[in-house]
């Protein structure tokens with residue numbers, strides 16, 4: 001009888017142990033726990049980008065999103081992913097604005113070449129002619145501009161009483177170009193007949209006046225001769 005009781009108690013104990021094990025949550029696998037920690041770290045720590053900037057010529061001032069960063073060549077760390085605006089400036093050169101798309105966890109190389117202005121001197125004979133550059137009036141001769149963008153431009157000179165001169169010029173980078181212009185006087189306007197409204201040459205009017213004078217003189221001589229003959233009778 002005691003043996004049966006021991007057997008029954010053994011079964012009860014085994015059942016209790018099995019029930020307790022089933023109620024505990026399963027242990028997480030080591031690999032799953034590591035992956036979970038990796039995801040958690042990536043969400044907490046933002047991923048930045050990086051910019052490497054070089055310019056020609058070097059030692060140009062660099063601003064990122066209107067914030068000064070230093071002189072080129074320059075490396076900028078911890079750049080938020082997205083589109084940013086770079087402004088490059090150097091004395092004696094035209095400034096340049098560049099939009100750069102920076103992805104996360106990578107380095108973007110930016111190379112910028114600055115352009116130096118050209119200088120143009122325009123003179124005319126006679127002086128005092130109006131100067132028009134690319135359709136805009138910019139001054140009178142003698143005229144000079146030391147900050148022109150290199151390339152092709154349309155230039156014109158105009159002065160009352162003279163024929164206009166139009167030229168296509170090429171401004172060289174970092175150089176001085178001189179442009180002398182000779183203005184040609186317009187021909188004299190023809191005289192007009194106020195009675196008929198038709199224009200007549202001035203030379204024709206003079207000839208007509210001379211002929212009329214000669215006829216008057218001849219008529220006077222003839223009349224005088226007739227009067228002398230009458231007096232002699």
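The values are calculated or read from the model by the stated rules, or taken from the named source; none is laboratory data. No experiment lies behind these values; they were computed from the predicted model shown. For neighbour counting, all protein chains shown are included, and Cβ atoms are generated from backbone atoms with ideal geometry for every residue, glycine included.
Key figures
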read-out: Among the candidates 33, 91, 96, residue that is touching a strand residue (DSSP E or B) at 6+ places or on another chain (Cβ under 6 Å) and either modelled with pLDDT of 90 or more or more than 30 Å from residue 151 (Cβ to Cβ) (or both); value: 96
read-out: Matching entry among 101, 105 (being in contact (Cβ under 8 Å) with a residue 12 or more places away in the chain, under 13 Å from residue 48 (Cα atoms) and part of a loop (DSSP other than H, G, I, E, B)); value: 105
read-out: Some residue of the range 111-118 being in a loop (DSSP other than H, G, I, E, B), in contact (Cβ under 8 Å) with a residue 24 or more places away in the chain and under 30 Å from residue 47 (Cβ atoms); value: no
read-out: Looking only at the range 125-151, and only at residues there that are in contact with a strand residue (DSSP E or B) (Cβ under 6 Å, 6 or more places away or on another chain) and in contact (Cβ under 8 Å) with a residue 40 or more places away in the chain, the one that is farthest from residue 183 (Cα to Cα); value: 141
read-out: Hey, residue 188 modelled with pLDDT under 95, surrounded by fewer than 16 Cβ atoms within 10 Å (Cβ to Cβ) and farther than 30 Å from residue 70 by Cα or not; value: yes
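Per-residue answers, yes or no, for (1) assigned to a helix (DSSP H, G or I); (2) surrounded by 10 or more Cβ atoms within 10 Å (Cβ to Cβ); (3) at pLDDT 50 or above:
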residue	(1), (2), (3)
27	no, no, yes
40	yes, yes, yes
47	no, yes, yes
51	no, yes, yes
55	no, yes, yes
58	no, yes, yes
62	no, yes, yes
68	no, yes, yes
